[in-house]
Structures are given as structure tokens and as C-alpha cells.
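Take a look at the structure below.
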Amino acid sequence: PHSRSFRYNPISPRIKMVSLFQRFLSETPVVKQASAPEIFTDDGEVFETLTKPQVLQEARCFKDKQINDRKCRVLLSRILYLINQGETFTDTETENLFFSITKLYQSENYDLRRMIYLTVREVRHGPSLY
């Protein structure tokens, strides 16, 4: 009988998994997706050129009868970007935004509802200081 003790090394399986994952990534072909129209782009460059009047103009889409979930999500993220950059809204603008955004609660889209919760909180309280 062989009386050799076996010691389990918990790091060894992790290293194997990492190397398998790296090999998988190197063998996986990269598929380039078609570019979307600028209104749907989430690039930081597009966000840097945003202006408050432009976003408020686009926010009229919140009142449309047919809600475009993706367009509304992008627009909500633009509003959050402006707020986090320190842009201030007047009381009238804030009120109009708040009630326009709450109309989006009619949508069943989960991702849009998450963005609604975040945006309503920020619009209601203004920029938060951490």
C-alpha cells in the first residue's frame, strides 16, 4: 500500500480555469456589431457635447403614446450625466422632467424602470455629494 498523503491546492484549479478562459477568448472570433444611430450611442464623447436645452427638447419623447424603451433609457442616462456634471435645472424644468419621467412607469421594460427609479431620485434630490 502506498501511504502518500495528498494535499489539495486550492490555487491550482483557479489557474487552470483562468488559462482555459484565456484560451477560449483567444480562439473566439470578434464580431463587429453595426453602429447604431447617434441617438442610441452611449459613448462618452456623445455625452460630452450634451447641452441642457438639447436634452430637455428630447425629453418630450417621454410623453409619446408609443414609448421607445431604448431611446428613453439613453435619454434618462443623459439626464443623469448632466445632473452628475453639476448642471442645475430650474424649478419649472425639474417639475416638467419629474412628471414626464413618471409617465414612463407605464412601460413593462425592467431596464427602463431601473433607470426611471434612478433618475426620479436624482431629479427630486438634485446632485448628491459623496
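So how much accessible area does L50 have, in Å² to the nearest 10, using a 1.4 Å probe?
20
According to a simple spin-label model (label point 7 Å from Cα along Cα-to-Cβ), what is the distance in nm between S107 and E93?
2.2
The values are calculated or read from the model by the stated rules, or taken from the named source; none is laboratory data. None of these values were measured; they are calculated from a predicted model. With ideal geometry, Cβ positions are generated from the backbone for all residues, glycine too; neighbour counts draw on all protein chains shown. SASA here: full protein model, heavy atoms, side chains in, ligands and nucleic acids out. Shrake-Rupley method; radii C 1.70, N 1.55, O 1.52, S 1.80 Å.
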